[in-house]
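Worksheet for the structure shown next.
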Amino acid sequence: MKNIVLFVSMLLIWPLNSVAQSCADWSQWDTFKKHFISDQGRVIDLGSKQSITTSEGQSYALFFALLANDQASFELLLQWTQTHLAEGDLSTRLPAWQWGIDGNGKGKILDSNPASDSDLWIAYTLSQAAILWQERRYAVLSSVMAERIIREETAYLPNLGLTLLPAPNGFEPSEQTWKLNPSYAPLFILQQFAQRYPHSAWQALHDSSAKLILETSKNGFSPDWVMYNPEKGFYHTDKAPAIGSYNAIRVYLWASMMADEAAYKKELIAQFDPMLQYLVNNNRAPLESRVDTGKASGSGPAGFIAALLPLLADKGQTQTLAALQQKLMIDTRFITNRYYDSVLYLFGTSTTNKRFTIDKQGALLPNWSNECR
């Protein structure tokens, strides 16, 4: 009788414990923290020259910390970013792009130019953290950053409209010519800011960014970089070749993270069908794709596979999805020593496994926001 009572008690307790565990635990995030984030909150690109930290790494880690409901890590990451990349205050300057160890062993800013994609991710994550954790301080900081992004990292390009520049400086090589990056502007972030700040220019930026992504990937593959001139439109040069690889892989990922009802989602997924067909036909992610010819080649690293899993799930390609998921499990050493692959892995797997959703207005809905309450 005693054993029966104990067994019944375990049955009653087990569902509650498993719900708590499912909403709070994320072993992949724990692995990332252990191997890539210092005790002070610095994301380190292991093995890189000068042990660099980028604002990109800080921004992505902030997003993952929010997905994991890990506010302690979030605060550490935010404080390190403010102190070391923004001279102590993100409200007074956008974070420097790169920090590292100089030849004298001293940590310092190596490149002070901000990166607009990182700034967007930080501002967006702060805005969502303010709602989910009911922390007004995050909302204020997010709104100030959003205003600075519009003011310092956009420009009106004739025949294109208000456009996100990769940084405040260095991407206008000549008069009336700009160098742009389609992966820098996740549409759901821009849509969320358009909703939060309806009297600002975010909707115009959202629409021009959608135009940029669609018009530069007409053969089904997105480029890493592209040039723009009002007379020529979008075109490629030696400094912005018609190739998609390490930057462009994020374009497919961001599109797959959008809600099905979101503006431009159907057009984007339909346009990326050649990438989908490459995955299905070759059972691997390409390393490079030619934007001008629509030809893909090579075998991309593990992170590329992970980043494309949500695209396969979106299109119901369950057989290829399962095969590539199995391929990721064969050698998992990359999650402990390759920063960028690990980032793409966290994004791709958490999207595919529905650890979160993003609604049609760009609002983040992590599972824990329902389960853990």
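If you place +1 on the Cβ of every Lys and Arg and -1 on the Cβ of every Asp and Glu, how big does the dipole about the Cα centre of the stretch 259-373 come out, in debye to the nearest 20?
In total the dipole reaches around 220 debye.
When both the stretch 155-214 and the stretch 315-373 are represented by their alpha-carbon centers, they are found 27 Å apart.
Suppose the Debye formula is applied to equal point scatterers at every Cα of the stretch 236-283; what is log10 I(q)/I(0) at q = 0.18, 0.21, 0.23 Å⁻¹? Taken in order of the listed q values, log10 I(q)/I(0) reads -0.68, -0.85, -0.94.
The Kirkwood radius of the stretch 19-117, taken over pairs of alpha-carbon atoms, gives through the Stokes-Einstein law at 25 °C and 0.890 mPa s a diffusion coefficient of 176 µm² s⁻¹. Taking amide H positions as modeled 1.01 Å from N, with prolines and chain starts lacking one, the residues under 5 Å from Ala296 and 5 or more places away or on another chain are Arg290.
Taking label positions 7 Å along the Cα-Cβ direction at both Thr293 and His35, the computed distance is 3.5 nm, reported to one decimal.
Under a model in which nothing but the beta-carbon of Lys, Arg (+1) and Asp, Glu (-1) is charged, the stretch 62-143 shows a dipole of about 120 debye around its Cα centre. The helix-only estimate of mean residue ellipticity at 222 nm for the chain, built from DSSP H runs of length n ≥ 4 each weighted as -39500 (n - 2.57), is -16000 deg cm²/dmol after division by the residue total.
Would you mind giving the average projected area, over all directions, of the Cα convex hull of the stretch 132-277 in nm² with one decimal? Mean projected area of the Cα convex hull: 9.7 nm². Near Lys49, which lysines are there with a Cα under 24 Å away, not counting those fewer than 8 places off in the same chain? Partners found: Lys33, Lys34, Lys106, Lys108, Lys239.
Helices meeting the span-like rule in the chain (full DSSP H runs, Cα extent of at least 15 Å along the helix axis, mean Kyte-Doolittle score of 1.6 or higher): 302-314.
For the pair Ala323 and Asp260, a Förster radius of 22 Å applied to the C-beta separation gives a FRET efficiency near 0.35, rounded to the nearest 0.05. Rounded to two decimals, the Cα-based Rg/Rh of the chain, with Kirkwood Rh, is 0.98. Projecting the Cα atoms of Ala65, Asn353, Gln98 onto the charge dipole of the chain (Cβ charges, centred on the Cα centre) puts Asn353 farthest toward the positive pole. May I ask which of Lys266/Lys315; Lys295/Lys327; Lys266/Lys360; Lys232/Lys295 have a Cα-Cα span longer than 19 Å here? Where the Cα-Cα span goes over 19 Å, the pairs concerned are Lys295/Lys327; Lys232/Lys295.
For the stretch 153-226, count the residues as N, evaluate 2.2 N^0.38 Å, and divide the Cα radius of gyration by that value, please.
The reported ratio for this selection is 1.09.
In this Cβ point-charge picture (+1 for Lys and Arg, -1 for Asp and Glu), the stretch 137-290 has a dipole of about 260 debye about its Cα centre.
Bear in mind that the values in this text are calculations on the coordinates, not laboratory data. Please read these numbers as outputs of a predicted model, since none were measured by experiment. All Cβ positions, even for glycine, are placed from backbone atoms using ideal geometry, and neighbour counts span all protein chains on display.
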